[in-house]
Amino acid sequence: MELVFGMKDVYPWEAKVRRGIEARLRTLFERWGYVEVEPPTLEYYTTLEKTMSEEMKERIFKFLNRDGKLVCLRPEFTTSVARMFAQGNALPLPLRVYYSGKVFRYPSSPFRTESEFTQVG
């Protein structure tokens with residue numbers, strides 16, 4: 001059995017350290033009045049392509065869904081969070097938000113091999 005290139009197994013001792021860091025960041029954000037948002041892991045490619053450089057477009061994991069529409073794993077959070085606010089959904093404004101989760105993109109150089117990593121902001 002082989003691990004997919006760019007992916008990494010996270011062992012218990014690493015997971016514990018990561019969760020501790022994430023918990024401290026969450027506490028800090030919430031202390032300053034931020035609330036957490038969770039955009040989906042999958043987005044329509046057309047939603048993201050408008051805001052990305054050509055270089056970033058080449059690094060996205062994209063595929064067709066069952067309906068034949070091009071979707072992608074989120075390569076970053078900013079566009080997804082902006083989409084959430086653009087759709088409205090009666091969000092009270094002003095609102096301070098933060099996010100924490102996995103993002104996926106092909107490595108940008110031969111020296112960086114991870115394709116899945118955590119982004120907090």
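The values are calculated or read from the model by the stated rules, or taken from the named source; none is laboratory data. The structure displayed is predicted, hence computed values, not measured ones. FYI the Cβ positions are ideal-geometry reconstructions off the backbone, even for glycines, and counts take in every protein chain you see.
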When residues of the range 57-69 are limited to those that are surrounded by 15 or more Cβ atoms within 10 Å (Cβ to Cβ) and out of contact with any helix residue (DSSP H, G or I) (no Cβ under 9 Å at 6 or more places or on another chain), the one farthest from VAL103 (Cα to Cα)
ARG59
Any residue at all in the range 33-54 that is part of a strand (DSSP E or B), hydroxyl-bearing (Ser, Thr, Tyr) and modelled with pLDDT of 95 or more?
yes
For the range 94-121, how many residues meet the condition of being touching a residue at least 12 places away in the same chain (Cβ under 8 Å) and either within 23 Å of VAL4 (Cβ to Cβ) or assigned to a strand (DSSP E or B) (or both)?
19
Would you say GLU22 is in contact with a Ser or Thr (Cβ under 9 Å, 6 or more places away or on another chain), farther than 20 Å from GLY101 by Cα and part of a helix (DSSP H, G or I)?
no
Of everything in the range 62-118 that's at pLDDT below 90 and hydroxyl-bearing (Ser, Thr, Tyr), which residue is nearest to TYR45 (Cα to Cα)?
SER108
Give the range 82-107 a look and list any residue that's aliphatic (A, V, I, L, M) and within 10 Å of the chain's Cα centre (by Cα), or say none.
VAL103
Would you mention how many residues in the range 70-93 are in contact with a helix residue (DSSP H, G or I) (Cβ under 9 Å, 6 or more places away or on another chain), surrounded by 11 or more Cβ atoms within 10 Å (Cβ to Cβ) and either more than 23 Å from MET7 (Cα to Cα) or not hydrophobic (A, V, I, L, M, F, W, C) (or both)?
7
Checking the structure you have, find out if any residue of the range 96-112 is over 27 Å from VAL10 (Cβ atoms), surrounded by 10 or more Cβ atoms within 10 Å (Cβ to Cβ) and in contact with a helix residue (DSSP H, G or I) (Cβ under 6 Å, 6 or more places away or on another chain).
no
